[in-house]
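Scroll down for the structure; my scribbles are underneath it.
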Amino acid sequence: MLDAWMRRRINPSMDRIGAFAVRGGVRANQVTVAGIVLGVAAAGAIAFGAYGTGLLLFLLNRLFDGIDGAVARHSKVTDFGGYLDIVGDFIVYAAFVFGFAVARPEENAVAAAFLILSFVGTGSSFLAYAILAAKRRVTTDLRGQKSLYYLGGLTEGSETIAAFVLMCLLPDSFAAVAWVFGALCWVTTGTRVLAAARSFSDDQGISGDV
């Protein structure tokens, strides 16, 4: 919900960092992979109960996630770069939540499982829409130059970061935050399905894989 608003404010700074990195010979995919490593390390720290360290590593992961796009814009945006970025995001998000389940399985496991299930809803509705948008050559630059169509929703990247920060600051309240945020994710999934119904309704009567 807040990603487009946030992008307009952080992209100028990210672009300056990206331009500097390109001059130093840094490639976008290198930044992406480094960010994924940081994100997985954050999940590991959370699993051991080091919530402050996990939060710091996760915020660094998010910083790298912004920088890799800026580096790509100042060098070359590629389909594989977009693919790697999306795969890394989903892995890090799920791993981060899994870390809380490992840290306190009796208290957190069910709530963590529900939130990861909710991520399946938001992720699949996002990617399926992007596939059909590409098929129809539908594009948008609302969230900046991207390798695939970005469909918004109530729970986007900004809201996910806010929820994860809250989980780290209040680890005893992880389950409550996970249940609430997971429910909001299902609202996002529902609105994306409705958006797809409006956008692709002329395909009525056509079913199967695309």
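The values are calculated or read from the model by the stated rules, or taken from the named source; none is laboratory data. Since we're looking at a predicted model, the values are computed, not measured. All Cβ positions, glycine included, derive from the backbone under ideal geometry; neighbour counts span all protein chains shown.
Some points to look at:
- Among the candidates 77, 26, 33, residue that is touching a residue at least 12 places away in the same chain (Cβ under 8 Å), β-branched (Val, Ile, Thr), surrounded by fewer than 16 Cβ atoms within 10 Å (Cβ to Cβ) and part of a loop (DSSP other than H, G, I, E, B): 77
- Answer residue from the range 144-163, given it is among the aliphatic types (A, V, I, L, M) and modelled with pLDDT under 85 and is farthest from residue 78 (Cα to Cα) among those: 154
- Of all the criteria given as (1) modelled with pLDDT under 90; (2) in a helix (DSSP H, G or I), the one not satisfied by residue 39 is (1).
Table: residues versus (1) under 13 Å from the mean Cα position of the chain (by Cα); (2) more than 19 Å from residue 40 (Cα to Cα).
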residue: 59; (1), (2): yes, no
residue: 67; (1), (2): no, no
residue: 70; (1), (2): no, yes
residue: 74; (1), (2): no, yes
residue: 89; (1), (2): yes, no
residue: 100; (1), (2): no, no
residue: 104; (1), (2): no, no
residue: 124; (1), (2): yes, yes
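- Every residue from the range 48-66 that is of a type in the set (A, V, I, L, M, F, W, C) and assigned to a helix (DSSP H, G or I): 55, 56, 57, 58, 59, 60, 63, 64
- Any hit, the range 40-52, residues being without any contact (Cβ under 8 Å) to a residue 24 or more places away in the chain and either of a type in the set (Val, Ile, Thr) or in contact with a Cys (Cβ under 6 Å, 6 or more places away or on another chain) (or both): no
- From the options 130, 113, 95, 72, residue that is of a type in the set (Gly, Ala, Ser), at pLDDT 95 or above, buried (at least 16 other Cβ atoms within 10 Å of the Cβ) and assigned to a helix (DSSP H, G or I): 95
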